[in-house]
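Scroll down for the structure; my scribbles are underneath it.
The values are calculated or read from the model by the stated rules, or taken from the named source; none is laboratory data. It should be emphasised that the depicted structure is a prediction, and the values quoted were computed from it without experimental measurement. Quick reminder, even Gly has a Cβ in these numbers, built from the backbone with ideal geometry, and neighbours come from all protein chains shown. To get the accessible areas, we keep the full protein, side chains included, count just its heavy atoms, and leave off ligands, DNA and RNA. Shrake-Rupley method; radii C 1.70, N 1.55, O 1.52, S 1.80 Å.
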Amino acid sequence: MMINVTINGDTHSLKEALPLLELLSKFEIEHDKVAIEHNREIVPKTTFGDVTVGDGDNLEIVHFIGGG
Amino acid sequence: MSDTLTIAGKEYNSRLIVGTGKYKDFDETKLAVEASGAEIVTVAVRRVNISNPGEPMLVDYLDPKKYTFLPNTAGCFTGDDAVRTLRLAREAGGWDLVKLEVLGDQKTLYPNMPETVEAAKTLIKEGFQVMVYCNDDPIQAKILEDIGCCAIMPLGAPIGSGLGIQNPVGIRIIVEQANVPVLVDAGVGTASEAAQAMELGCDAVLMNTAIAEAKDPIRMARAMNNAVKAGRDAYLSGRMPKKLYADPSSPLAGLI
């Protein structure tokens with residue numbers, strides 16, 4: 001059964017729940033350059049490996065861009 | 001003789017902080033920042049483009065080990081959004097120094113001060129070092145200092161307007177009363193206005209658009225670098241008094 005995860009406001013279908021680090025590499029995101037909110041809770045970088053992303057979860061993945 | 005700027009316990013040689021937005025590309029950003037001599041650069045926090053994760057990132061051009069990245073909350077219209085953004089920024093970067101700005105109006109980008117004060121209190125409680133964007137009201141500035149902000153950053157004029165310092169008296173009073181660094185943030189359009197901010201006694205100037213939207217941003221970055229130094233020197237020198245009438249520079253004695 002597919003699961004749905006919202007990433008940066010868009011819904012993505014995944015085959016199954018998976019660890020955050022695996023999800024990042026699946027989307028080719030360099031984990032050391034981003035910060036992540038999982039269901040509105042900050043995920044400390046050191047625990048990227050411990051968090052599992054499941055059905056209905058909401059992720060915000062952000063990085064630094066140019067700004068004033 | 002050293003004349004350094006200390007913010008939140010860290011010393012800097014440059015008194016110019018520059019934004020990294022609005023440049024043509026990252027190469028131009030990098031060259032302009034280098035020419036400005038800035039050691040602190042402001043950055044924004046935004047969503048990663050999931051559909052194109054390989055696109056160039058700012059950190060590939062500006063090394064966070066070389067520059068102090070100052071995450072901002074530009075674009076946040078509530079204290080809650082600003083706090084949430086900076087919590088993410090702290091996690092992305094791993095440092096506590098941040099620039100708080102909570103905007104109150106799309107057209108003027110004037111700050112919403114009640115929201116700013118509440119957000120600053122929350123952030124300070126959570127251990128952030130808060131440099132705060134505010135209006136040019138000395139009373140408001142004092143309130144922000146009293147709750148523990150590490151730098152007060154009144155606007156010179158609306159963000160991105162390039163109108164120069166509209167209320168030099170207000171800025172001067174803020175400088176005189178403050179025990180933390182005061183920076184003019186926003187409104188500077190050209191080098192003379194950056195010098196004016198420093199001559200008013202500001203500890204530093206923060207700007208983005210004045211450099212990024214100049215026809216030659218890299219040259220303007222150099223001009224701002226020099227202007228801030230000149231203004232600082234002029235302030236420390238103590239300017240001559242203004243007089244109503246002329247006072248000859250050559251001695252009158254010995255005239256033929």
Inset, instruction - Tally up the carbon and sulfur contribution to the accessible surface of the stretch B:1-134 as a whole percent, 1.4 Å probe, everything protein left in place. - result: 47 percent
Legend entry - Relative contact order computed over chain A (Cα-Cα under 8 Å; 6+ residues apart), in percent: 42 percent
Inset, instruction - On a 0 to 90° scale, report how tilted helix B:168-177 is relative to the longest principal axis of chain B, with both axes built from alpha carbons and the result rounded to the nearest 10. - result: 80 degrees
Legend entry - Interface area, A with B, accessible, probe 1.4 Å, both sides summed, Å² nearest 100: 2600 Å²
Legend entry - Of every Cα-Cα pair in the protein assembly as shown, the percent that sits beyond 29 Å: 42 percent
Legend entry - Solvent-accessible heavy-atom area per residue, rounded to whole Å², over the stretch A:3-63 at 1.4 Å: 51 Å²
Legend entry - Sulfur and carbon atoms: percent of accessible area, the stretch A:3-63 [1.4 Å]: 44 percent
Legend entry - Surface per residue (accessible, 1.4 Å probe) for the stretch B:103-143, Å²: 49 Å²
Inset, instruction - Pop the C-beta distance of A:His12 and A:Arg40 into the FRET formula with R0 = 22 Å and round what comes out to the nearest 0.05. - result: 0.75
Inset, instruction - Shielding by partners for B:37-49, please: the mean number of other protein chain Cβ atoms within 10 Å of each residue's Cβ. - result: 5
Inset, instruction - Using only alpha carbon pairs under 8 Å that are at least six residues apart, calculate the relative contact order of the stretch B:3-106 and give it in whole percent. - result: 23 percent
Legend entry - Within chain A, percent of DSSP bridges classed antiparallel, to nearest 5: 90 percent
Inset, instruction - Counting only C-alpha contacts under 8 Å and six or more residues apart, can you give the relative contact order of chain B as a whole percent? - result: 18 percent
Legend entry - Chain lengthening between B:Ala246 and B:Ala234 when straightened (0.36 nm per residue, less Cα-Cα): 2.2 nm
